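A short worksheet on the structure shown next.
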Amino acid sequence: MKTQDTAKLYNLPKIVKFCKRCTISNQRPRTILDKKGVCSACNYSKYKREKIEWKQREKEFTKLLERFRSSDGSYDVLVPCSGGKDGSYVAHILKYKYDMHPLTVTWSPLLYTEIGKKNLNSFINSGFDHVLGTPNPKVVKKLTKLSFEKLGDPFQPFIYGQVNFPLKTAINNKIKLIMYGENQEAEYGGDISKANIPTRDVEDFNKYYFSGKDIEFWKSAGLKDEDLNCFKGPQKGEITKKNLEIHFFGYYHFWDPQENYYYCQANTGYEANHERTEGTYSKYASIDDKIDGFHYYLAYIKFGLGRSTSDTAHEIRDEKINREEGIKLVKKFDGEFPKKYFNEFLDFCEIKEEIFFEVIDSWRSKHLWKKEKGEWKLKFPVWKS
């Protein structure tokens, strides 16, 4: 198995530095630490708590919705929603607080969990029209295997559909407003140059979410146009021509994922898992796809940052826990292998266990890992920072 130059591919700094406020390091792609050693996401979190005038943003939001609201009950906003806490929260607020008429859309997870199906059905039954996009399973399996091997992320096929299917659905239904939840680059660490812009540019999708590989890339792996058409999005020119606008709800309202969970628990029938998710302490976030755990595990291999790191960083910024508590949770749970769905993953991708681990090790960043007594260990864990 060819060893990947992960550091070069993701432009990772050779010297590992951790944020002084949360548990994220400069190994998260596009995350920058300032002169005080604080990451971009923590700086944005402080800014939105202390500087943003949310009453003014609410006025902007009201004006936006007035511009798009239909008078005859026809769809006036499209909300991408898996049935999880965030999309469900946005859709429910738009409909029941602001009298909008949302069409909600879901791109089918690669391997649905039972709790994921249940939460989606509960959300729909709370009063929503809904469209489910389900691609050819044979193509999905092939793309998942290829993405695992070539990108070190089996979740990429889902991301293509999750991004592009809402765009196509909006255009097909003559809806001119799409409402996403949060600006992930600003909230979780990345390029914050557009943190104070309410809209999303479609060109950012390929830049931030497609691993630099447009869907056309997979033709080189033997897939055909007919296999890939459902994963493709409309051209930017068509989006502009149709006057389609993509906005972030989190630009107009203070974004707090845990509060979204409590809201949906009360209003859309959302349920957390009965047990914590492997790799973290949380029970309620990203629980609808069995492939999720492998996406986060590969992030741990490539960047030294696993699912617990991601969760603790969010909750430190949201003032739910402090950094000391976060570090203890990372030490206890980060990098835990997602064994619950491991055999299903192997069957789904049609690969053998030994090949799986060869792929994993091919993506292991050399400047982050060392072997001690036959075991891989992080050279620079957060608890030693």
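Here are the numbers for the structure shown:
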read-out	value
Residue within the range 53-64 that is on the phi > 0 side of the Ramachandran plot, without any contact (Cβ under 8 Å) to a residue 40 or more places away in the chain and not aromatic (Phe, Trp, Tyr) present	no
Test: Phe128 is surrounded by fewer than 19 Cβ atoms within 10 Å (Cβ to Cβ), of a type in the set (Phe, Trp, Tyr) and either over 21 Å from Asp86 (Cα atoms) or over 17 Å from the mean Cα position of the chain (by Cα) (or both)	yes
Residue count, the range 222-258 (criterion: out of contact with any helix residue (DSSP H, G or I) (no Cβ under 8 Å at 6 or more places or on another chain) and part of a helix (DSSP H, G or I))	5
Residues being among the basic types (Lys, Arg) and either more than 22 Å from the chain's Cα centre (by Cα) or not assigned by TED's automatic domain parsing to the domain that holds Ser310 (or both) - total across the range 24-45	2
Ser45, sole failed condition from (1) surrounded by 20 or more Cβ atoms within 10 Å (Cβ to Cβ); (2) within 25 Å of Leu298 (Cα to Cα); (3) out of contact with any strand residue (DSSP E or B) (no Cβ under 9 Å at 6 or more places or on another chain)	(2)
Count of residues meeting criterion [in a loop (DSSP other than H, G, I, E, B) and either touching a strand residue (DSSP E or B) at 6+ places or on another chain (Cβ under 9 Å) or surrounded by 10 or more Cβ atoms within 10 Å (Cβ to Cβ) (or both)] in the range 52-73	3
Matching entry among His247, His314 (being surrounded by 18 or more Cβ atoms within 10 Å (Cβ to Cβ), outside the structural domain of Phe345 (by TED's automatic domain parsing) and not hydrophobic (A, V, I, L, M, F, W, C))	His247
Condition met for Lys224 (over 29 Å from Tyr300 (Cα atoms), modelled with pLDDT of 85 or more and of a type outside the set (S, T, N, Q))	yes
Boolean, Ile355 is in contact with a Lys or Arg (Cβ under 6 Å, 6 or more places away or on another chain) and in a helix (DSSP H, G or I)	no
Flag if Lys194 is assigned to a helix (DSSP H, G or I), free of Cβ contacts under 8 Å to residues at least 24 places away in the same chain, out of contact with any Phe, Trp or Tyr (no Cβ under 9 Å at 6 or more places or on another chain) and assigned by TED's automatic domain parsing to the domain that holds Tyr89	no
Residue tally, condition in contact with a Lys or Arg (Cβ under 9 Å, 6 or more places away or on another chain), closer than 18 Å to Cys42 by Cβ and either crowded, with 16+ Cβ neighbours inside 10 Å or in contact (Cβ under 8 Å) with a residue 24 or more places away in the chain (or both), over the range 317-345	2
Every pair of residues 6+ apart whose Cβ atoms lie under 6 Å, when the first sits in the range 81-96 and is touching a residue at least 60 places away in the same chain (Cβ under 8 Å) and of a type in the set (Lys, Arg) while the second is in a helix (DSSP H, G or I) and crowded, with 22+ Cβ neighbours inside 10 Å	Lys85/Asn260; Lys85/Cys264
Top-ranked residue in the range 313-352 [being among the hydrophobic types (A, V, I, L, M, F, W, C) and outside any helix (DSSP H, G or I); ranked as farthest from the chain's Cα centre (by Cα)]	Ile351
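The values are calculated or read from the model by the stated rules, or taken from the named source; none is laboratory data. Fair warning: this is a prediction, and the values are worked out from it, not measured in the lab. So basically every Cβ, Gly included, is an ideal-geometry build from the backbone, and we count neighbours across all protein chains shown.
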